[in-house]
Amino acid sequence: MAFESLSDKLQNVFKNLRGKGRLSEEDVKAALKEVKMALLEADVNFKVVKNFVKTVQERAIGADVMNGLNPGQMVIKIVNEELTNLMGSETTEIAYRPGQQITVIMMVGLQGAGKTTTTAKLAGHVKKKGKKPLLVACDVYRPAAITQLQINGEKQGVPVFSMGDKNKPADIAKASIEHAKKNGFNVVILDTAGRLHIDEGMMDELVEIKESVDVAQTLLVVDAMTGQDAVNVAGTFDEKIGIDGVVLTKLDGDTRGGAALSIRAVTGKPILFCGMGEKLDDLEQFYPDRMASRILGMGDVLSLIEKAEASIDEDKAKDLSRKMRKAEFDYNDYLDSMAQMKKMGGIGSVLGMMPGMIPGMNSAQVSQLEGAIDDKKMAHIEAIILSMTPEERANPKLMNPSRKKRLARGAGVDIAEVNRFIKQFDQTKKMMKKMPGMMGGKRGRMKFPF
């Protein structure tokens with residue numbers, strides 16, 4: 001999960017602060033020293049860390065905080081606000097040109113950052129906004145780059161303009177604008193070539209494209225796992241060709257978070273989106289305040305609600321909730337709930353957005369729950385359920401040793417795995433009966449299925 005290591009360290013620091021009735025200046029300085037080390041270990045730029053700690057300390061060692069009823073929480077509030085400021089304070093969106101004017105977006109970045117996939121993800125996002133996007137294959141160097149864009153474009157329902165790999169990228173971009181005008185496309189997204197490192201040839205090519213077409217937005221795609229190097233890359237691209245914003249990829253991985261916390265402060269360029277997975281709908285708008293809350297372990301309920309409303313069939317969710325309350329939850333329902341959970345990015349993604357996680361569950365139990373529903377185990381569970389007869393799926397009480405043996409053979413798994421799943425199902429059923437409503441959506445009460 002993104003920022004997991006940094007989040008754990010910061011939460012440990014603030015846990016100690018919460019336990020104190022009043023804070024001395026020494027308490028604040030000691031806590032901020034640990035915060036400084038945590039940020040440096042997360043690969044945040046040294047100057048950024050230095051200024052951040054100085055600002056927090058100046059605000060924290062003030063009369064309002066020191067004389068407050070709960071100074072520990074006040075310090076956490078200040079850190080949360082300064083983290084938000086560090087990442088940009090306000091959410092930045094793509095600036096589309098008015099009416100039917102064509103908005104040209106040029107995607108740039110180094111090879112391996114996930115630029116082509118991110119370009120297709122962005123096309124899907126633009127389409128949901130009611131625009132008519134056209135993807136343009138300007139990477140004529142990397143083998144299969146054009147094919148990759150065409151496959152992903154087809155999945156997103158967005159056409160791809162291509163002239164093969166024998167034409168200059170600037171000429172392809174120019175021709176794509178004429179094609180867009182004739183066919184009513186109002187957003188053109190250029191997938192340009194990347195390199196393994198920054199070189200003059202790549203920069204000259206990007207400059208030539210910008211001189212050939214009227215680029216409205218240049219977005220830099222950077223791999224969040226590269227840490228400080230991502231900041232250096234952003235600075236160089238901005239200096240050479242000018243960028244309007246950044247898209248961070250692989251924030252769902254074991255990233256230390258340095259790039260997200262440094263890029264805006266060092267380059268002055270906003271982060272527009274973040275990639276939270278490999279699926280084509282795993283592109284999220286970047287909200288600095290929500291990301292700060294995630295880092296501090298406060299959760300991100302607003303993003304969770306938005307994701308749920310976009311992914312969950314509300315009628316099914318209500319029916320599932322009713323069955324849970326009446327203890328009528330069966331294996332068919334379990335299968336449906338797993339499908340909806342996958343749409344939301346999996347159990348790990350969801351739990352990371354929930355402040356305090358699930359009521360009544362400690363961190364060890366949450367980790368156990370995450371481990372129980374990883375992709376491989378999900379596939380095994382699906383195979384076990386699909387090996388059941390319709391009667392067995394509808395009536396979990398029918399399970400006996402002979403039926404379990406048959407399921408193990410049908411699913412191609414060990415009998416122990418079948419036993420574990422059935423035990424887990426029973427425990428989940430009991431837990432869900434005890435759980436209150438998980439969230440209130442904008443369009444009425446929604447129940448969150450597992």
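Observations
- Most positive-pole-ward Cα, Gln228, Ile241, Val213, against dipole of region 200-251 from beta carbon charges: Gln228
- Summing Lys and Arg as +1 and Asp and Glu as -1 over all other residues whose Cβ lies under 9 Å from the Cβ of Leu398 gives a net charge of 0.
- Percent carbon-and-sulfur accessible area, region 12-165, ignoring ligands, DNA and RNA, probe 1.4 Å: 49
- Potential lengthening between Ala379 and Lys182 on full extension [0.36 nm per residue; Cα-Cα distance subtracted]: 66.3 nm
- Three-way shape label, region 210-253, alpha-carbon gyration tensor, a/c 1.5: oblate
- Close amide H contacts of Lys132 (hydrogens built in the peptide plane, cut-off under 5 Å, sequence separation of 5 or more or a different chain): Asn186, Val187.
- Computed over protein heavy atoms with a 1.4 Å probe, the carbon and sulfur contribution to the accessible area of region 186-264 reaches 42%.
- Label-point separation in nm, Leu386 to Asp165, each point 7 Å along Cα→Cβ: 3.6
- Solvent-accessible area per residue for region 34-142 (1.4 angstrom probe, square angstrom): 45
- Computed over neighbours whose Cβ is under 9 Å from that of Leu280, the net charge equals 0, Lys and Arg +1, Asp and Glu -1.
- Backbone HN-Hα couplings from phi across region 204-213 [Karplus 6.51/-1.76/1.60, Hz, Gly and Pro as x]: 4, 5, 5, 4, 5, 5, 5, 7, 7, 10
- Sum of side-chain charges, Ser162 neighbourhood, beta-carbon under 15 Å (Lys, Arg +1; Asp, Glu -1): -2
- HN-Hα J in Hz across region 51-61 - Karplus 6.51, -1.76, 1.60, θ = phi - 60°, x for Gly and Pro: 5, 5, 5, 4, 5, 5, 5, 4, 6, 6, 8
The values are calculated or read from the model by the stated rules, or taken from the named source; none is laboratory data. Since the structure is predicted, the reported quantities are computational estimates derived from the model, not experimental observations. All Cβ positions, even for glycine, are placed from backbone atoms using ideal geometry, and neighbour counts span all protein chains on display. Please note that ligands, DNA and RNA were not included when accessible areas were found on the heavy atoms of the full protein model with its side chains. Shrake-Rupley method; radii C 1.70, N 1.55, O 1.52, S 1.80 Å.
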